[in-house]
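Have a look at the structure below before the remarks.
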Amino acid sequence: TGKEVFVSVGLSLTQQPFAEFLQMVNVDPAKNPNVVFVNGATGGATASLLAGVNNNFWNAMIYDYLPNAGVTPNQVVGAWVLDVNGGPSGTFPADMTGLQGNLQSIAQNLLVKFPNIKLAYYSSVNYTGYSNGAVNLDPEPYAYESAFVVRWLIQRQMKGDKALNCDHSKGEVRAPVLLWGPYLWADGMMPRKADRLVYRRDDLGPDGTHPSAS
C-alpha cells in the first residue's frame, strides 16, 4: 500500500533524458500507481562530486527532489545511474581508473542515502563525437570508454568483490545489485548492428554532447 521510488542519479546528461522518460512513463496506463519516478539528477553533479557521501548534490535529492514528489529516501528501491567527469585525459585503460573509483563510491553511497535500495542500473554516456574535443565536457573516445567502467564494476560485483557486496549471506552489504541500464552509445552515423541506432548532428545540442530535442 506504500510507494516504491525509482530515482535517477547523475549530471545533466542524465537529467535531460530522464525528464523525457518521465513524460512518457507517467502517462503510461501500464505503470503501477504505487511506483514513483523522481529525477534526482542535476547539472554539474559529476562522478567525482557524487563520490563524496556528504556532497550537496545528495542533499538536493533527499531534501528537495524526493519531498517535492511526496516520497522519502527510505522508499527508494531502484536507481538509474549515469555519470562521468568533465575534461578527461590520458590513454585507455588508465584514463578510466578515476571514474571507476568514483562509480564504485556512488554505488556505496546509494545504500547509505537510500537504505532500502535493491537495484541500480548503470549506463555510460551517448556519442559525443560532434563536440570537437570540448575538453570541459566528455569528448570521444572517453564517452565510448566509459562503458568499460560500467562493465568492470558489474563484473567485480559478480566475482564477489567485498566493496560491492550485495548479498547478506556473504557479509556486510555495501551496494545494491548493479545491472546494465540502457546502452546509449553509437558510432555517429554508423548504424549499430543490434538496432541500427545512429546519432545525427542535430540529435545533439550546440556542444555536441547533450541531447537535443530532435
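The values are calculated or read from the model by the stated rules, or taken from the named source; none is laboratory data. The structure displayed is predicted, hence computed values, not measured ones. Cβ: placed from backbone, ideal geometry, glycine included. Neighbour counts: every protein chain shown. Ligands, DNA and RNA are stripped out before the accessible areas are found, and what is left, the full protein with its side chains, is counted by its heavy atoms. Shrake-Rupley method; radii C 1.70, N 1.55, O 1.52, S 1.80 Å.
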Exercise for review: Give the peptides 112-125, 66-79 in descending order of average Cβ contacts within 10 Å, highest first.
Suggested key: 112-125, 66-79
Practice item. Counting only DSSP beta bridges with both residues in region 1-125, tell me the antiparallel percent, nearest 5. Key: 0
Check your understanding: When the accessible area of the chain is split by element with a 1.4 Å probe, what percent falls to carbon and sulfur?
Key -> 57
Practice item. Subtract the Cα-Cα distance of Asn132 and Asp203 from 0.36 nm times their separation in residues, and report this length gain in nm to one decimal. Key: 24.0 nm
Check your understanding: What fraction, in whole percent, of alpha-carbon pairs in region 82-156 exceed 15 Å separation?
Key -> 55
Practice item. Can you tell me the dipole magnitude for region 72-207 around its Cα centre, using point charges on the Cβ only (Lys, Arg +1; Asp, Glu -1), in Debye to the nearest 20? Key: 520
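Give, rounded to the nearest 20 debye, the magnitude of the charge dipole that region 127-209 has about its Cα centre when Lys and Arg contribute +1 at Cβ and Asp and Glu contribute -1 at Cβ.
Working: 11 positive and 11 negative charges, 81 e Å.
Dipole size: approximately 380 debye.
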**Study point:** Debye intensity ratio I(q)/I(0), log10, the chain, q values 0.12, 0.14, 0.15, 0.17 Å⁻¹ (C-alpha model)
**Key:** -0.63, -0.86, -0.99, -1.24
Exercise for review: Would you work out the charge dipole size for region 105-174 about its Cα centre, treating the Cβ of every Lys and Arg as +1 and the Cβ of every Asp and Glu as -1, and quote it to the nearest 20 debye?
Suggested key: 380
Practice item. Compare the Cα positions of Gly188, Pro211, Trp152 along the charge dipole of region 141-214 (+1 at Cβ of Lys, Arg; -1 at Cβ of Asp, Glu; about the Cα centre) and return the one farthest towards the positive end. Key: Trp152
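Before anything else, pin down the relative contact order of the chain: Cα pairs under 8 Å, at least 6 apart, normalised by residue count, whole percent. Walk me through the intermediate numbers first.
Details: 401 pairs, mean separation 42.1, N = 214.
Relative CO of the chain lands at 20 percent.
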**Study point:** Restraint check, Lys113/Lys159; Lys31/Lys193; Lys3/Lys162; Lys118/Lys162; Lys118/Lys170, Cα-Cα greater than 21 Å
**Key:** Lys113/Lys159; Lys31/Lys193; Lys3/Lys162
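Using R₀ = 25 Å, calculate the FRET efficiency as 1/(1 + (r/R₀)^6) where r is the Cβ-Cβ separation of Glu4 and Tyr63; round to 0.05. Write out the running numbers ahead of the final one.
Details: r = 20 Å, r/R0 = 0.81.
That pair, Glu4 with Tyr63, gives E of 0.80.
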Check your understanding: In region 1-149, with Lys and Arg counted as +1 and Asp and Glu as -1 at Cβ, which of these residues, Gln15, Leu119, Gly87, has the Cα nearest the positive end of the dipole, that is, farthest along it?
Key -> Leu119
Review point. Which order do Trp58, Trp185, Trp180 take when ranked by solvent-accessible area (1.4 Å probe, heavy atoms of all protein chains), largest first?
Key: Trp180, Trp185, Trp58
**Study point:** Additional length obtainable on full extension of the chain from Asn116 to Glu172, 0.36 nm per residue less Cα span
**Key:** 18.7 nm
Review point. From the residues Pro29, Gly2, Leu50, which one has its Cα farthest along the dipole of the chain in the positive direction, the dipole being from +1 and -1 charges on Cβ of Lys/Arg and Asp/Glu about the Cα centre?
Key: Gly2
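Considering only DSSP beta bridges whose two residues both sit in the chain, what percent are antiparallel, to the nearest 5?
5
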**Study point:** Separation between Cα centres of region 100-145 and region 148-214, rounded to whole Å
**Key:** 8
Point to revise | Karplus 3J(HN,Hα) series, Hz, for region 77-89 with 6.51 cos²θ - 1.76 cosθ + 1.60 (x for Gly, Pro) | key: 10, x, 8, 10, 10, 9, 8, 8, 10, x, x, x, 8
Practice item. Using packing as a proxy for protection, rank 156-166, 192-202, 82-92 so that the peptide with the highest average count of other Cβ atoms within 10 Å comes first. Key: 82-92, 156-166, 192-202
Review point. What nm value, rounded to one decimal, do you get for the distance between Gln23 and Ser212 when each label is placed 7 Å out toward the C-beta?
Key: 1.6
Check your understanding: Once region 1-95 is represented by equal point scatterers at the alpha-carbon sites, with solvent omitted, what log10 I(q)/I(0) does the Debye formula produce at q = 0.10, 0.16, 0.24 Å⁻¹?
Key -> -0.30, -0.69, -1.27
